[in-house]
Amino acid sequence: MQVDSVTIIFVVLAAFVLWKLRSLLGEREGFEQRFQNGPPASAPGAPAQPSPMELEWSECAERGGPVWRGFEEIAKAQRDFSPKSFLGGACSAYEMIVKAFSDGDEEALRGLTSPDVLAGFKTALDARKARGETMQTTLVGLNDAKIVEARVEKNLAIVAVRFDGQFITATHGPDGALVEGDPTAPANVIDIWTFARPHDSGAPNWTLVATSPGQ
C-alpha cells in the first residue's frame, strides 16, 4: 500500500499533538495533586494575627511590658476587665470627683472614693469651710489620660492613671476677694490617681484609693 507524503505529515502531526496533550495533562495532574489536601500552609515563622483582646490592650499598654502583664493578671481574676472601658470610666470619675470636691459635695465623694481618700478630702473641705472660702473649678479638657500601672493585690485589681488636664480654678475668701488661682486663665494639672475593684464585687464600679501629683 502506498502512503503519500500528506498522510505521513498528518500522522506525524497527530503524534506530536497527542504527546503535547499528555505532557500538559500530566503537568496539570501534578499541580492538582499538590493541592489535593488543601492550599499550602503559611510559611514557617509567619506572625500570628492578634486577637481582638490583644488589639484593645495594645491601645493602652506596650505589649509584654509591666502594664500589659498587669492586664493579664487582672483578666485572670476579672474576666470582664477591659482597659478601654476602664479608662473611659476613670476619666468620667476624675471629672465627677474634681467637681464634687470643688462644690464641697461629700456625699458624691463618698460614693466614688475609699474611706482613706474621703478622709483626706474631708479634711481639706473642713479647712476651707472654716476659713469661709469657696472654690470654683472647671475642667477645660484632658490633654491625656494614660494607664501607668496595673496589678493584682490580694483580692483587688489595682490600676493607676496619669491625668493631664487643663483647669480653671479660683478660690475666693469670705469677702469675695481672690485668694488663689485665676478665674480667667486655665492651668495645667497632672495627677496620678489609683483605682481598685474587688475580684468578687458584683458592682462594676471602681473606687479611687489613692491620689498623688504627677510629672
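Do you know which residues across region 59-86 are under 17 Å from Thr194 (Cα atoms), surrounded by fewer than 17 Cβ atoms within 10 Å (Cβ to Cβ) and either at pLDDT below 95 or within 8 Å of the chain's Cα centre (by Cα) (or both)?
Ser82, Lys84, Ser85
Given the residues Glu32, Glu27, Glu56, which is the only one that is in a helix (DSSP H, G or I), at pLDDT below 95 and touching a helix residue (DSSP H, G or I) at 6+ places or on another chain (Cβ under 6 Å)?
On inspection, the qualifying residue turns out to be Glu56.
Give me the pairs, please: first residue somewhere in region 122-144 and farther than 16 Å from Lys99 by Cβ and without any contact (Cβ under 8 Å) to a residue 12 or more places away in the chain, second residue anywhere and surrounded by 12 or more Cβ atoms within 10 Å (Cβ to Cβ) and among the acidic types (Asp, Glu), beta-carbon distance under 9 Å, and either six or more positions apart or on two chains.
Filtered contacts from region 122-144: Ala127/Glu133.
Would you check if there is a residue in region 120-130 being among the hydroxyl-bearing types (Ser, Thr, Tyr) and open to solvent by less than 50 Å² (accessible area, probe 1.4 Å)?
no
Looking at (1) surrounded by 13 or more Cβ atoms within 10 Å (Cβ to Cβ); (2) free of Cβ contacts under 8 Å to residues at least 24 places away in the same chain, which one does Val161 not meet, given that it meets all the others?
So Val161 meets the others, but not (2).
Asp116 - would you say it is farther than 30 Å from Val67 by Cβ, modelled with pLDDT of 95 or more and more than 27 Å from the chain's Cα centre (by Cα)?
No; evaluated as a whole, the condition is false for this residue.
Give me the pairs: first residue in region 60-80 and under 21 Å from Asp200 (Cα atoms), second residue in a helix (DSSP H, G or I), beta-carbon distance under 7 Å, and six or more apart or on different chains, which are they?
The qualifying pairs are Phe71/Trp57; Phe71/Pro83.
Can you tell me which residues in region 192-202 are free of Cβ contacts under 8 Å to residues at least 40 places away in the same chain and closer than 19 Å to Pro83 by Cβ?
The answer is Ser201, and nothing else.
The values are calculated or read from the model by the stated rules, or taken from the named source; none is laboratory data. Predicted model, so just to flag it, every value in this text is computed and none were measured. Neighbour counts run over all protein chains shown; Cβ positions are idealised from the backbone, glycine included. These area figures cover heavy atoms from the full protein model, side chains too; ligands, DNA and RNA do not enter into them. Shrake-Rupley method; radii C 1.70, N 1.55, O 1.52, S 1.80 Å.
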